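These notes are about the structure you will find just below.
The values are calculated or read from the model by the stated rules, or taken from the named source; none is laboratory data. Quick caveat, the model's predicted, so the values are computed rather than measured. Neighbour counts are summed over all protein chains in view; Cβ atoms, including those assigned to glycine, are modelled from backbone coordinates with ideal geometry. Just so you know, the surface numbers come from the protein's heavy atoms only, side chains and all, with ligands and any DNA or RNA stripped out. Shrake-Rupley method; radii C 1.70, N 1.55, O 1.52, S 1.80 Å.
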Amino acid sequence: MIRQRVVLAAAAGVTSALLLTACGSSGDSSSSTDSGAAAASSAPASSTPAGNNDADGMGMTTTSMLMTEEMEGMGTFVTDDKGMTLYRYEMDQASPSKSMCTGDCAKTWMPVMAQDSVKAMGVEQSLIGSVDRSDGMKQLTLAGRPLYRYMGDAKAGELKGQAKDSKWYPVTPAGEKAAMSSDGSGSSDDMEGMPGMS
């Protein structure tokens, strides 16, 4: 009888020890999982979508091809490989090439970053070049003019940046500014109702 009690007591002790160990390891694993999750959430993202933003939050975009689009009353202007309108800034310099759009300006007017090889369709390949920006990035140029995309253009063919602040214009295949031929105003308000302007 005494031996049976000793055996039962010993069995109960072993069971308790096993339960405590299980609880302890369970707590440890959840603790390490929690700390791992916290570390992952506090760690900076290892990658940023290509062509969106650099470390300073500057908006930017890339393209593998320069193409052209023609619109009645607007003439021919240049787009990127997704059909998004490309603009030139009147404050920039063409010779030598220099971008004057930095800081907040570059968040609204995204510099088109130069890639190793940019093809041309309807644009003279010899006019395509690049310029080193003050922020260290290399920007695509056309006839010496740095190229940009406007954040306000949400889809291909839109021209909402046309004549913005009287300094921004869609760029022609020759690097000139495209302007409306109907009344010469080039106002983006005048373009409401035109294709891509809704």
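Couple of notes before you dig in:
- Residue 126-residue 102 FRET efficiency (beta carbon distance; Förster radius 45 Å; 0.05 resolution): 0.95
- Placing a label point 7 Å from the Cα of residue 95 along the Cα-to-Cβ direction, the residues of the stretch 112-146 whose backbone N falls under 18 Å of that point are 124-131, 141-146.
- D (Stokes-Einstein, µm²/s), Kirkwood Cα radius, the stretch 85-141, 0.890 mPa s at 25 °C: 202 µm²/s
- Computed with every protein chain present, the accessible area of residue 172 is close to 20 Å² [probe 1.4 Å].
- When Rg and the Kirkwood Rh are both derived from Cα coordinates, the Rg/Rh ratio for the stretch 71-177 amounts to 0.92.
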